[in-house]
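S.K.: Take a look at this one; I'll ask things after.
The values are calculated or read from the model by the stated rules, or taken from the named source; none is laboratory data. The model shown is predicted, which means the values in this text are computed figures rather than measured ones. When we count neighbours, we look across all protein chains shown, and the Cβ atoms used for this are built from the backbone with ideal geometry, even at glycine. Just so you know, the surface numbers come from the protein's heavy atoms only, side chains and all, with ligands and any DNA or RNA stripped out. Shrake-Rupley method; radii C 1.70, N 1.55, O 1.52, S 1.80 Å.
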Amino acid sequence: MLCLALDTSTPSGRFALAEGGRLVGYQPRNVTGSYANALLAAVDALLEAAGRDRAELGAVGVCRGPGSFTGVRIGVATAKALAFALRLPLYAVSTLEAMAAAMLAERPDREWAVPALDARRGEVFAGVYRRDGGWVRAAAEPCALTAAGWWERASALVGDPEAPVYAGSGAAPLL
């Protein structure tokens, strides 16, 4: 089954096509303004580059946040519209969960990931995730805390603060 995945929750958007557990197409796109004008064009370019068509899609996946309110809203609304129009199942995943899975896929030597997004007002929206087969599971539920609060939580769960992979716009304040 060909699956379209959309992540518009941050300015570093990611769009992918996967089939049978294999990546068929991937297109990162940094958006400085709104995804409103760029999203469907990115989907069409991704399908075209893979030599595929919307009619071949079997499912749509989307990141549901946390992240930019406007970015999440546009991504979720577009994913829902595509799924409805094409009569496809729609799957929503946490942005932090997707980040953690990608971080650990890039670092097969690590078991822990701490994706973090800048939540503004001196807080970081983060979670602590552990590898679980081909995906991840949350060891600490995502929420907004001060960077020091997240550092304490992650250190208490993992033990060695150098064991996890850290990434995202909130990683610098956290570290």
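S.K.: Against the globular-protein guess of 2.2 N^0.38 Å, express the Cα radius of gyration of the chain as a ratio, rounded to two decimals.
M.R.: Details: Rg = 16.6 Å, N = 175, 2.2 N^0.38 = 15.7 Å.
Scaled against compact globular proteins, the figure is 1.06.
S.K.: Let me ask you something else. Going through segment 3-107, which trypsin sites (Lys or Arg not before Pro) have at most 14 other Cβ atoms within 10 Å and a DSSP loop state? Show your work: numbers first, answer last.
M.R.: On the way: sites: Arg14, Arg22, Arg29, Arg52, Arg54, Arg64, Arg73, Lys80, Arg87; in loops: Arg52, Arg64, Arg87.
Those that pass, being in a loop and sparsely packed, are Arg87.
S.K.: Search the structure for amide H atoms under 5 Å from the amide H of Val124, placed 1.01 Å from N in the peptide plane, and list their residues when 5 or more places away or on another chain.
M.R.: When sequence neighbours closer than 5 places are left aside, the close amide H contacts are Ala119, Leu145, Thr146, Ala147.
S.K.: At a 1.4 Å probe radius, carbon and sulfur cover how many percent of the accessible area of the chain?
M.R.: Values: 4900 of 9140 Å².
The C+S portion of the solvent-accessible surface of the chain is 54 percent.
S.K.: Please work out how much length the chain gains when fully extended from Trp135 to Glu56, using 0.36 nm per residue of separation minus the C-alpha to C-alpha distance, in nm with one decimal.
M.R.: Working: separation 79, 0.36 × 79 = 28.44 nm, distance 2.53 nm.
Full-extension gain reported as 25.9 nm.
S.K.: Multiply the residue gap between Thr70 and Ala49 by 0.36 nm, knock off their C-alpha separation, and tell me the result in nm, one decimal place.
M.R.: Gain in length upon complete extension: 4.8 nm.
S.K.: Going 7 Å from the Cα of Ala77 along its beta-carbon direction, which residues of segment 1-43 have the amide nitrogen within less than 13 Å of the resulting point?
M.R.: Within reach of a label on Ala77: 34-40.
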